[in-house]
């Protein structure tokens with residue numbers, strides 16, 4: 001599916017929404033930061049290298065959820081029950097509180113509110129096909145159809161194996177398939193719906209309800225399995 005291009009006012013939408021959420025969530029962010037300081041020695045924030053628009057790398061901000069000794073070690077993929085995550089960090093990850101600092105990335109222009117899930121440079125270099133790289137034509141998002149699908153359904157497929165290879169074969173094709181649907185249908189109303197779907201998924205998780213949500217984007221994906229031969233390798 002060909003991308004139609006960003007709708008008029010998308011950047012304004014990003015700035016307004018990011019500013020409002022950041023102001024509303026500031027007390028929660030401060031409380032979470034204090035919690036990180038009290039429960040795990042080390043810095044409050046973690047900066048992760050990710051691939052942005054047009055393949056340009058940027059530093060993505062998060063509240064730290066792993067022990068300092070785990071930084072830069074092991075797989076770039078975090079699986080359910082990952083031993084590198086300290087207990088309070090697991091709570092932050094479960095409810096997506098660790099991702100609130102990414103609103104700063106949105107205000108800086110590194111990211112959008114809605115856009116393809118930002119990936120580690122190693123994943124992009126090793127596993128992305130030429131078609132997958134089309135998702136790099138726009139800013140990555142704080143949320144997206146692929147990010148919601150990963151959060152509600154796909155992440156559990158990595159239990160017992162959080163390797164990058166497992167992620168690339170079990171999850172990445174499905175995530176990118178629904179991201180391509182978004183790229184072809186991007187509108188303001190679509191972005192608003194995705195923000196609402198994200199909030200609903202997090203709410204279901206908070207009240208311990210099954211957050212499994214079948215993405216409507218799956219109805220627009222052809223039955224043909226995409227070629228997973230990487231365009232380049234390390």
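The values are calculated or read from the model by the stated rules, or taken from the named source; none is laboratory data. From a predicted model like this one, the values you see are computed outputs, not experimental measurements. Note: ideal-geometry Cβ built from the backbone for every residue, glycine included; neighbour counts use all protein chains shown.
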Which one of 158, 176 is more than 16 Å from residue 79 (Cβ to Cβ) and either in contact with a helix residue (DSSP H, G or I) (Cβ under 9 Å, 6 or more places away or on another chain) or free of Cβ contacts under 8 Å to residues at least 40 places away in the same chain (or both)? 176
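Here is a yes/no grid of residues against (1) over 17 Å from residue 181 (Cα atoms); (2) in contact with a helix residue (DSSP H, G or I) (Cβ under 8 Å, 6 or more places away or on another chain); (3) surrounded by fewer than 18 Cβ atoms within 10 Å (Cβ to Cβ):
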position: 97; (1), (2), (3): yes, yes, no
position: 117; (1), (2), (3): no, yes, no
position: 125; (1), (2), (3): yes, no, yes
position: 134; (1), (2), (3): no, yes, no
position: 138; (1), (2), (3): no, yes, no
position: 143; (1), (2), (3): no, yes, no
position: 147; (1), (2), (3): no, yes, no
position: 150; (1), (2), (3): no, yes, no
Is it the case that some residue within the stretch 41-53 is surrounded by fewer than 17 Cβ atoms within 10 Å (Cβ to Cβ), modelled with pLDDT under 95 and more than 30 Å from residue 124 (Cα to Cα)? yes
Considering only the stretch 6-50, state which residues are over 21 Å from residue 96 (Cβ atoms) and either in contact (Cβ under 8 Å) with a residue 40 or more places away in the chain or in a helix (DSSP H, G or I) (or both). 6, 7, 9, 10, 11, 12
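Over 21 Å from residue 56 (Cβ atoms), touching a residue at least 24 places away in the same chain (Cβ under 8 Å) and touching a helix residue (DSSP H, G or I) at 6+ places or on another chain (Cβ under 6 Å): is that true of residue 181 in this structure?
Values: over 21 Å from residue 56 (Cβ atoms): yes; touching a residue at least 24 places away in the same chain (Cβ under 8 Å): yes; touching a helix residue (DSSP H, G or I) at 6+ places or on another chain (Cβ under 6 Å): yes.
It is true that residue 181 is over 21 Å from residue 56 (Cβ atoms), touching a residue at least 24 places away in the same chain (Cβ under 8 Å) and touching a helix residue (DSSP H, G or I) at 6+ places or on another chain (Cβ under 6 Å).
Every residue, every condition in (1) in contact with a strand residue (DSSP E or B) (Cβ under 7 Å, 6 or more places away or on another chain); (2) under 25 Å from residue 95 (Cβ atoms), yes or no:
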| site | (1), (2) |
| --- | --- |
| 153 | no, yes |
| 160 | no, yes |
| 167 | no, yes |
| 172 | no, yes |
| 177 | no, no |
| 185 | no, no |
| 191 | yes, yes |
| 202 | no, yes |
Determine whether the stretch 121-135 contains at least one residue that is closer than 30 Å to residue 36 by Cβ, part of a strand (DSSP E or B) and in contact with a strand residue (DSSP E or B) (Cβ under 9 Å, 6 or more places away or on another chain). no
Please enumerate the residues belonging to the stretch 184-217 that are touching a helix residue (DSSP H, G or I) at 6+ places or on another chain (Cβ under 6 Å) and more than 17 Å from residue 21 (Cβ to Cβ). 211, 212, 213, 215, 217
Over 21 Å from residue 38 (Cβ atoms), more than 11 Å from the chain's Cα centre (by Cα) and either assigned to a loop (DSSP other than H, G, I, E, B) or without any contact (Cβ under 8 Å) to a residue 24 or more places away in the chain (or both) - does that describe any residue in the stretch 86-109? yes
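For the stretch 26-35, indicate whether the set of residues that are modelled with pLDDT under 95 and either farther than 30 Å from residue 133 by Cα or loosely packed, with under 14 Cβ neighbours inside 10 Å (or both) is non-empty.
Residues of the stretch 26-35 that are modelled with pLDDT under 95, as a first pass: none.
Looking for residues that are modelled with pLDDT under 95 and either farther than 30 Å from residue 133 by Cα or loosely packed, with under 14 Cβ neighbours inside 10 Å (or both), one finds none in the stretch 26-35, hence no.
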